[in-house]
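K.L.:
Before anything else, here's the structure in question.
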Amino acid sequence: MKFLPYLLKNVARHKLRNLFTMLSIGVSLFLVTLLYAYLDFQEELGKQSADYRRLVVTHVEGLTALMPLAVVDRIRALPGVKAAMPLSWFGGLYQDDKLPFAQFATDPMQCMDVWTEYRLPPEQLLAWQQDRTGCVVGNVIAEKRGWKLGDRIVLKGTIYDCNLELTVRGIYTGPDSGDPEMLWFHYSYFDELLKARRARAAGRIGTVFVKVADEANLADVARRIDERFASSDTPLRAMTEQAFVQSFTEMVGNVQAFIQNTALAVVFALVCVAANAMAMSLRERVREVAVLKAIGFQRRTILGLVLGEAMLIALAGGIIGVGSVKLLTTFVDPSVAGIPGLTRFYVPWNSAFTGLLLAVGVGLASGVIPAVRAANLSVVDGLRRVV
Amino acid sequence: MHSLPAQPVVQLRHVSKEYYRDKLRIPVLADTSLDIPAGEFVAVMGPSGSGKSTLLNLCAGLDRPTTGTIVVAGQDLGELSESQLTRWRSEHLGFIFQLYNLMPVLTAFENVELPLLLTNLSRRERARHVETALRIVGLEDRMHHYPRQLSGGQEQRVAIARAIVTDPVLLLADEPTGNLDAVAAVEVLDLLAQLNAEFGKTIVMVTHDPRAARRAHRILHLEKGRFEEADIEAIERGRSSGGDGERRRSPRAPSAEIAG
Ligand SMILES: Nc1ncnc2c1ncn2[C@@H]1O[C@H](COP(=O)(O)OP(=O)(O)OP(=O)(O)O)[C@@H](O)[C@H]1O
Ligand SMILES: [Mg+2]
């Protein structure tokens, strides 16, 4: 576009003012993109898990209501179910940790059949299966904490009144979308400790993860599970892993609507800031606009020039903001944020794109009023004005 | 007088123009008719507020007359819509302002290129036209300078290059020497005379400076909304005897001060 050099020079002429506009857009879009990315990230995790053909079964009353261990075998017996394992969050503290990392009680005989995307060398799997107090850890957390095969890990219970004394028997690896910072141990060992303390949670589990057979339909199997337990003492609810993951986001007090409203408010404020700066710049240029029109620039050309300028400024701000979110989340470990359960995080491309789109939107909206004014300026009046 | 071709470039027929400020009617031009033949160099003089700028704006289609018709280069301006007028202006007119009105962020080259951005010319063709225009005004070596790096006279010459780069038939100049010292004013006037004589441009120049006006073929005197052919000798005589009221009423004419 042949007007681009002129546009760029006009942006550069009000350096300080436009820099401030860009920075305010940058900082705000940094935050908005981060929030959006959090939502998108959860959704993306959910989508990826759809490929793994898994169902998550909980008590109809939700995660906090526990189910008897016996349901696992009953679920496994249903047609269309390939494998099923219990999965219970332990939430213990390791050494001086302030927050628990992800630790799950599960069934080592079924685990690798359900979590098929993770890899564990067969001899390590065998060693884990044979050691009741054995555990398996993700390669990333193993590296962070310096754990090697045979190391002892003691986890201090926070939810349950017992401590686990575990030995590392295996180190798993997983795909990029997987969580490389979990620890898995025998449910039977955990249950033994609970029984010894006559704990109410003894013999009970939080969730069952189900692998659905290739030929079966996910929804059919889920319905079969729901129906099988509907009239029992413990009515269950089966949902896809995707729905399960997303229910976490919704659990945090309808974050989605909150984030969207916040973003809307921020964007509105940005439009005001940018529009004000743009209007100021153009007021100083009334004569120049009049001259352009006298030379033969059409209204639509002037309109386009002003909108283009506003969009360039906003887009520059957007690139600053979105770019730094992307860089930050690529190179900084999310666990420093101290959000429990947030062990990995990246900005999905569609959130980055949304951020840039918002920037362009801000530019357009902020440019409209000054652009229309400039386009409608009377040449005669504009030339008379002595600036 | 000069021998002139028949078809007038500017033709005003019973043109009147009035402005309204609040309820107050301000008559500026009253039933004015005027022919400016092709190739003529006309100076328009008259006291401040007599409607000289208004006349140029009307000829440029920047403003519309209250009554009457204006035909410029064979086109009745009253028949054109706002956007058609804008387009027509970019093709047929060159405008020169008292305050040069160059874009401060653009170089001399880019300023002169501006009107060409509205055409379909290629980048290379645009550059060729710009260089020609700058050569005519004698500033080809200042192509990449910004307005603030140029003197007033040079700025005005860049503005003239911008006005002629599209090769218009008519040049309208509103006090082109009004902000210049005597030497720079002479340079600009020489240039206008050259554009008229060598390139056949029809020029209408508003000025307060009788010495500038003398460079024209014809001087029109605008007073109380009407034209009179002015006798430059009479103006000069009036001036030297100290009886010229015009100068006191025209604060924006430093070159007239220097000339006097
Ligand atoms: N847009 C407008 N609204 C109201 N009055 C106007 C407008 N434009 C011009 N006028 C009035 O019309 C008259 C002529 O103005 P014009 O600018 O044409 O004068 P001029 O001869 O160019 O004066 P100067 O020598 O000072 O430049 C003045 O009285 C001016 O106040
Ligand atoms: Mg004037």
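The values are calculated or read from the model by the stated rules, or taken from the named source; none is laboratory data. Please read these numbers as outputs of a predicted model, since none were measured by experiment. Quick reminder, even Gly has a Cβ in these numbers, built from the backbone with ideal geometry, and neighbours come from all protein chains shown. Accessible surface is based on the protein model in full, side chains and every heavy atom, while ligands, DNA and RNA are left aside. Shrake-Rupley method; radii C 1.70, N 1.55, O 1.52, S 1.80 Å.
K.L.:
When you go through (1) closer than 23 Å to residue A:288 by Cα; (2) more than 14 Å from chain A (Cβ to nearest Cβ); (3) surrounded by 15 or more Cβ atoms within 10 Å (Cβ to Cβ) one by one for residue B:146, which number turns out not to apply?
P.N.:
(2)
Yes or no, residue by residue, for (1) within 10 Å of another protein chain (Cβ to nearest Cβ); (2) among the hydrophobic types (A, V, I, L, M, F, W, C):
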residue: B:25; (1), (2): no, no
residue: B:39; (1), (2): no, no
residue: B:49; (1), (2): no, no
residue: B:57; (1), (2): yes, no
residue: B:61; (1), (2): yes, no
residue: B:96; (1), (2): no, yes
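K.L.:
Can you tell me which residues in the stretch B:211-223 are part of a helix (DSSP H, G or I) and within 14 Å of ligand 1 (Cβ to nearest atom)?
P.N.:
B:212, B:213
K.L.:
So is residue B:53 touching a residue at least 40 places away in the same chain (Cβ under 8 Å), polar (S, T, N, Q), surrounded by fewer than 18 Cβ atoms within 10 Å (Cβ to Cβ) and within 16 Å of ligand 1 (Cβ to nearest atom) or not?
P.N.:
Answer is no for this residue.
K.L.:
When the stretch A:332-364 is examined, which residues are found to be among the aliphatic types (A, V, I, L, M), open to solvent by 50 Å² or more (accessible area, probe 1.4 Å) and modelled with pLDDT of 85 or more? Before you say what the answer is, go through the steps one by one.
P.N.:
If we filter the stretch A:332-364 for residues that are among the aliphatic types (A, V, I, L, M), which is where we start, we get A:332, A:336-337, A:339, A:342, A:347, A:352, A:356-360, A:362, A:364.
Going one step further and asking which of them are open to solvent by 50 Å² or more (accessible area, probe 1.4 Å), we end up with A:332, A:336-337, A:339, A:356-357, A:364.
Within the stretch A:332-364, A:356, A:357, A:364 meet the criteria.
K.L.:
Follow-up. Looking only at residues in the stretch B:79-89 that are facing chain A (nearest Cβ under 7 Å) and more than 15 Å from the chain's Cα centre (by Cα), which one is most open to solvent (accessible area, probe 1.4 Å)?
P.N.:
B:87
Quick grid of which residues meet (1) within 14 Å of another protein chain (Cβ to nearest Cβ); (2) of a type in the set (A, V, I, L, M); (3) surrounded by 15 or more Cβ atoms within 10 Å (Cβ to Cβ):
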residue: A:225; (1), (2), (3): no, yes, yes
residue: A:230; (1), (2), (3): no, yes, no
residue: A:233; (1), (2), (3): no, no, no
residue: A:261; (1), (2), (3): no, no, no
residue: A:269; (1), (2), (3): no, yes, no
residue: A:274; (1), (2), (3): no, yes, yes
residue: A:284; (1), (2), (3): yes, no, no
residue: A:289; (1), (2), (3): yes, yes, yes
residue: A:297; (1), (2), (3): yes, no, yes
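K.L.:
Give the residues of the stretch B:168-195 that are of a type in the set (S, T, N, Q) and either over 19 Å from residue B:132 (Cβ atoms) or surrounded by 21 or more Cβ atoms within 10 Å (Cβ to Cβ) (or both), sorted by residue number.
P.N.:
B:177, B:179 - these are the residues of the stretch B:168-195 that are of a type in the set (S, T, N, Q) and either over 19 Å from residue B:132 (Cβ atoms) or surrounded by 21 or more Cβ atoms within 10 Å (Cβ to Cβ) (or both).
K.L.:
Restricting attention to the stretch B:24-46, which residues are open to solvent by 10 Å² or more (accessible area, probe 1.4 Å), within 11 Å of ligand 1 (Cβ to nearest atom), touching a residue at least 40 places away in the same chain (Cβ under 8 Å) and more than 22 Å from residue A:290 (Cβ to Cβ)? First the steps, then the outcome.
P.N.:
First pass over the stretch B:24-46, keeping only residues open to solvent by 10 Å² or more (accessible area, probe 1.4 Å): B:24-28, B:30-31, B:33-35, B:37-39.
From the residues that got through so far, the ones that are within 11 Å of ligand 1 (Cβ to nearest atom) too are B:24-28.
Okay, now just the ones that are also touching a residue at least 40 places away in the same chain (Cβ under 8 Å), so B:27-28.
The one that is open to solvent by 10 Å² or more (accessible area, probe 1.4 Å), within 11 Å of ligand 1 (Cβ to nearest atom), touching a residue at least 40 places away in the same chain (Cβ under 8 Å) and more than 22 Å from residue A:290 (Cβ to Cβ): B:27.
Each row is one residue, and each column tells you yes or no for (1) under 28 Å from residue B:36 (Cβ atoms); (2) without any contact (Cβ under 8 Å) to a residue 12 or more places away in the chain; (3) assigned to a strand (DSSP E or B); (4) more than 15 Å from the chain's Cα centre (by Cα).
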| residue | (1), (2), (3), (4) |
| --- | --- |
| B:100 | yes, no, no, no |
| B:111 | yes, no, no, yes |
| B:128 | no, yes, no, yes |
| B:148 | no, no, no, yes |
| B:168 | yes, no, no, no |
| B:178 | yes, no, no, no |
| B:193 | yes, no, no, no |
| B:205 | yes, no, yes, no |
| B:208 | yes, no, no, no |
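K.L.:
Now for a different question. Against the conditions (1) open to solvent by less than 20 Å² (accessible area, probe 1.4 Å); (2) away from every other protein chain (no Cβ under 12 Å); (3) in contact with a Leu (Cβ under 7 Å, 6 or more places away or on another chain); (4) within 16 Å of ligand 1 (Cβ to nearest atom), where does residue B:65 fall short? Just the number, please.
P.N.:
Status for residue B:65: all satisfied but (1).
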